[in-house]
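Let me give you the structure first, and then I'll get to my questions.
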């Protein structure tokens, strides 16, 4: 994601209560993150199916021991806190 208020982001899908895959995003904000402005930016720059339905601000993205982004831990974290 190339937005001035986001340092890093991790996008993934989770099934809704109706079984429809929804795009969620973990975001590491630079400062204060205006989620409505970010959502508008995504709607203007991404295909409709890739626009996140939810943004979750985190201090840092989960990482593996080799410092790569741990997608599985990110998804697990959101599943358990949703």
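Just order 43-55, 20-32 by mean Cβ neighbour count inside 10 Å, highest at the front, would you?
20-32, 43-55
What distance in nm separates the simple spin-label points at residue 17 and residue 67, each placed 7 Å from Cα in the Cβ direction?
Rounded to a tenth, the inter-label distance reads 4.2 nm.
Could you check the spin-label model distance between residue 7 and residue 30? Points 7 Å from the Cα along Cα→Cβ, value in nm.
Roughly 1.2 nm, to one decimal.
Students often get this wrong, so try it: which of [x] 244; [y] 101; [z] 154 is volume of the Cα convex hull per residue in Å³ as calculated from the structure shown?
Computed from the coordinates, volume of the Cα convex hull per residue in Å³ corresponds to [y].
For the chain, what is the percent of antiparallel DSSP beta bridges, rounded to the nearest 5?
Working: 10 of 14 bridges.
That works out to approximately 70 percent antiparallel.
FYI, it's all coordinate maths here, none of it is from the lab. What you are looking at is a predicted structure, and each value in this text was computed from that prediction instead of being measured. Every residue, glycine among them, receives a Cβ derived from its backbone with ideal geometry; neighbour counts consider all protein chains shown.
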